[in-house]
1. Looking at the range 120-288 only, what percent of DSSP beta bridges run antiparallel? Nearest 5 please.
2. Just to be sure I understand, if you calculate Cα Rg over 2.2 N^0.38 Å for this structure, which of (i) 0.96; (ii) 1.61; (iii) 1.95 do you get?
3. What FRET efficiency do you get for A176 and E332 if R0 is 60 Å and r is their Cβ-Cβ distance, rounded to the nearest 0.05?
4. Compute, for the chain, the length of the dipole vector about the Cα centre, with Cβ point charges of +1 (Lys, Arg) and -1 (Asp, Glu) only. Units Debye, rounded to 20.
5. If you restrict to DSSP beta bridges whose two residues both lie in the chain, what percentage is antiparallel, to the nearest 5?
6. Which pairs in the list K69/K190; K69/K229; K132/K229; K190/K286; K132/K311; K190/K229 are over 27 Å apart, alpha-carbon to alpha-carbon?
7. Between R460 and S269, what length in nm is gained on full extension when 0.36 nm per residue of separation is reduced by their alpha carbon distance?
8. What residue among Q122, F249, V307 has its Cα farthest toward the positive end of the dipole of the chain, where the charges are +1 on Lys, Arg and -1 on Asp, Glu, each on the Cβ?
Amino acid sequence: MISTELEGKILRLHNNDKWPIGTIATHLRVHHSVVRRVLGQLNVESVPRAIRPSIADAFLPLIRTELEKYPDLTASRLYRMCKERGYQGAPDHFRTVVRGCRPRRQSEAFSRLSTLPGEQGQVDWAHFGRMKVGRIERPLVAFVLVLSQSRMIFLSFHLTQETGVFLAAHEAAFAALGGVPRVLLYDNLKSAVLERVGDHIRMNERMLAFAAHHRFEARPVGVRKGNEKGRVERAIQYVRSSFFAGTTFADLADVNAKAAEWCALVAASRRHQGDATLSVMQAWEKERKMLLPLPADRFPTHTPIGVRIGKTPYARVDGNDYTVPHAHVQRELTAFLTEKEILISSEGTVVARHDRSWGRGERVENPEHLSALWEQKRRSHAASATERLQALAPASRDFLEQMHREGNNIGGIVTSLSTCLDQYGPTSVQKAISLVLVSTRVSLAHVRQQLDRISVEAGRSAHITHVGQGDPRLKGQHVTPQSLSAWDGLGRSKE
């Protein structure tokens, strides 16, 4: 659109000053087609352009014939066909020629869709860049579920699109929205639709089982039919512009906390599109009564995968290693994944449970698994003290490196810490070393001091160790001297 003032200038220069179209376009810094359109709309006669012959004219019948048979044929393919027949022009000009010959598709008209309260919801994933986790970056994706009638939005962010996470996000959405819609619409997500061949659709079996458990219909929309789930598409655009843009987040928990607050305060308070007298929150209060109730029992949303345990007691899951009891080496086990934890099962029995790591190349270890292994190794053959120490108390790696840089006797420190492992246990040694590493005093004596404190706090007596004159625990201590007359009396009695 151009302003009325600009239209007046075009008419004045053309009618009064008799400027040609090209001169007007150059002077007013607009395209010549704009000048022609203004003159044509106001029925002002203009001098017709002289149509110059083009080297593509001889190929126009071929282009039109091929486009009639194959409307989706690309300009690059037509260019190669014409070049094989002697066309000498450039590809850029040829695309312009094809654009003028291509038959225009008739625009499809859509009717406004209306749904009953509690009848329908729409679901989709949306990509929001990447989030740094430890030393790597993970894709950040958003799960969005919107109720079609009230437009109430549920939003949560995740680092994976695994089916188990997809189903768990549904459960969180149902709990937050107060019930289950009777129909949920999906795009061609692998979490919902595994395969399409024409009108034949193969749904994800776990998705179908989940839908049957919650008594809703999982309905896929047509291919390239964004209008059929336009409400979730618009909701995602709204999330990008109103929530995500210009907001900073510390981690995944922070972004989800802010997303929940935004849904409750900002998204829920906007005006309802179907009824200007209501807010989305007010419309949802009415729709919530019509939603299906949540089932009494939960659906198992863990994602099962097979894992092979090698010669070492570690299971490789999503790029990280998780310990298992050493009795399960050289076996096939099953790992069940959620966003928060990893469960490793053998023949239906959970043998290991770990917090899930979202990094890469990390070791997640349970000291009890490794302690049992080292006890077995110690009974069969002598194991390296350093390897045992670092396996049972991983923080000792950094501690020993710092002691080495300071020129300390590493062999003596390893021997002393190995004794502490037997006296206090791996958990206490790991905790004591971790506390020392973040303090200003990094020394073996400080580790022993922390171990004594941990034992006392746990209700156990501290182990008695030799205290040297320079030990920091002696600082500020006062010892009252005692009389030795009793000892002198014992000596005289013997005489």
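Rule-based calculations on the coordinates, nothing more; no lab input. Since we're looking at a predicted model, the values are computed, not measured. Cβ coordinates were reconstructed from backbone atoms using ideal geometry, including for glycine residues, and neighbour counts include every protein chain displayed.
1. 75
2. After the calculation, the listed value that fits is (ii).
3. Numbers: r = 38 Å, r/R0 = 0.64.
My answer for the efficiency is 0.95.
4. Details: 69 positive and 51 negative charges, 340 e Å.
Charge dipole of the chain: 1640 debye, to the nearest 20.
5. Bridges in the chain that DSSP calls antiparallel: roughly 85 percent.
6. Values: K69/K190 34 Å; K69/K229 32 Å; K132/K229 32 Å; K190/K286 33 Å; K132/K311 32 Å; K190/K229 17 Å.
Cα-Cα > 27 Å for K69/K190; K69/K229; K132/K229; K190/K286; K132/K311; rest within.
7. On the way: separation 191, 0.36 × 191 = 68.76 nm, distance 5.66 nm.
Fully extending the segment from R460 to S269 adds 63.1 nm.
8. My answer, from the dipole projection, is Q122.
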